[in-house]
Amino acid sequence: MELLNIPYKISHRDVRYPRLEFKTGELLFVLPLGFNPEKVFSKHQKWIQDKFAFIEGCLKDAPPGKIVTRTEKEFQSLALFFAKRSSQELNVTPNRIYFRKMRTKWASLSAKGNLTINTLMKYLPEYLIKYIIFHELTHLKVKRHNEIFWKIIFKRFKNLPKIEKNLFSYWFSIVALKMS
């Protein structure tokens with residue numbers, strides 16, 4: 001299978017549907033047992049090439065030296081401050097807040113309203129931490145990433161496309177290195 005110099009791995013698992021992941025900058029084909037990767041590749045070739053080009057662009061645009069150094073305690077205090085402020089602004093209350101290292105995302109909000117924050121966020125600048133926490137707490141108002149959700153986000157963060165690109169830059173240039 002020729003992927004035009006895109007590094008990839010194939011993982012056959014007991015899953016129902018095939019999926020593609022670019023979580024560490026390398027393409028991972030997660031396929032049902034016995035499934036042919038050629039079929040998935042040919043169907044999603046344009047998406048694969050576009051996503052890889054986007055990641056490479058993010059890495060190229062990410063100048064070194066932007067990693068913030070703070071202690072776990074400083075980070076947790078900052079994150080809790082932003083969670084309190086965002087909760088007040090959105091008029092929501094998370095159930096609990098947890099901190100742990102996560103392999104695939106900056107943060108998540110459970111169905112029970114628990115906010116889990118990736119401890120690797122401590123390397124991000126404040127404006128990105130603020131955005132991630134606001135984004136997750138917005139899910140207490142709107143569960144899905146629909147039009148209403150993005151209107152709330154965009155009202156607060158006018159430079160959303162730049163923020164999202166910066167998050168990708170940090171993820172692939174910093175977090176992927178910390179996880180290896």
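For residues that are out of contact with any helix residue (DSSP H, G or I) (no Cβ under 8 Å at 6 or more places or on another chain) and at pLDDT 85 or above, scanning just segment 25-34, find the one that is surrounded by the most Cβ atoms within 10 Å (Cβ to Cβ). Step through it out loud before you land on a result.
Of segment 25-34, the ones out of contact with any helix residue (DSSP H, G or I) (no Cβ under 8 Å at 6 or more places or on another chain) are 26, 28, 30, 32-34.
From what's left, at pLDDT 85 or above: 30, 32-33.
Values: Val30: 17, Pro32: 13, Leu33: 8.
Ranking the candidates gives Val30 first.
Somewhere in segment 163-171, is a residue in a loop (DSSP other than H, G, I, E, B), out of contact with any strand residue (DSSP E or B) (no Cβ under 9 Å at 6 or more places or on another chain), under 25 Å from Glu74 (Cα atoms) and in the same structural domain as Val92 (by TED's automatic domain parsing)? Checked segment 163-171: no residue is in a loop (DSSP other than H, G, I, E, B), out of contact with any strand residue (DSSP E or B) (no Cβ under 9 Å at 6 or more places or on another chain), under 25 Å from Glu74 (Cα atoms) and in the same structural domain as Val92 (by TED's automatic domain parsing).
Within segment 42-62, track down each residue that is among the aliphatic types (A, V, I, L, M) and modelled with pLDDT of 75 or more.
Correct list: Ile48, Ala53, Ile55.
Pick from segment 94-126 the residues that are among the aromatic types (Phe, Trp, Tyr) and over 13 Å from the mean Cα position of the chain (by Cα): which of them is farthest from Arg70 (Cα to Cα)? Let's see the steps before the verdict.
So the first thing to find is which residues in segment 94-126 are among the aromatic types (Phe, Trp, Tyr), and the list is 98-99, 106, 123.
Of the ones still in play, those that are also over 13 Å from the mean Cα position of the chain (by Cα) are 98-99, 123.
Values: Tyr98: 18, Phe99: 15, Tyr123: 7 Å.
Ranking the candidates gives Tyr98 first.
Consider segment 119-160 and keep the residues that are surrounded by fewer than 17 Cβ atoms within 10 Å (Cβ to Cβ) and of a type in the set (Asp, Glu). The one that is nearest to Arg85 (Cα to Cα) is Glu126. Condition check: farther than 19 Å from Glu89 by Cβ, within 14 Å of the chain's Cα centre (by Cα) and surrounded by fewer than 17 Cβ atoms within 10 Å (Cβ to Cβ). Does Glu164 satisfy that? Yes; evaluated as a whole, the condition is true for this residue.
Are any of the residues in segment 133-144 closer than 21 Å to Gly57 by Cβ and not in a helix (DSSP H, G or I)?
Residues of segment 133-144 that are closer than 21 Å to Gly57 by Cβ, as a first pass: none.
Checking segment 133-144: not a single residue is closer than 21 Å to Gly57 by Cβ and not in a helix (DSSP H, G or I).
The criterion of being without any contact (Cβ under 8 Å) to a residue 24 or more places away in the chain, within 20 Å of Tyr170 (Cβ to Cβ) and part of a helix (DSSP H, G or I) holds for Glu56.
The values are calculated or read from the model by the stated rules, or taken from the named source; none is laboratory data. Since the structure is predicted, the reported quantities are computational estimates derived from the model, not experimental observations. Cβ sites come from the backbone with ideal geometry, for glycine too, and all protein chains shown count toward neighbours.
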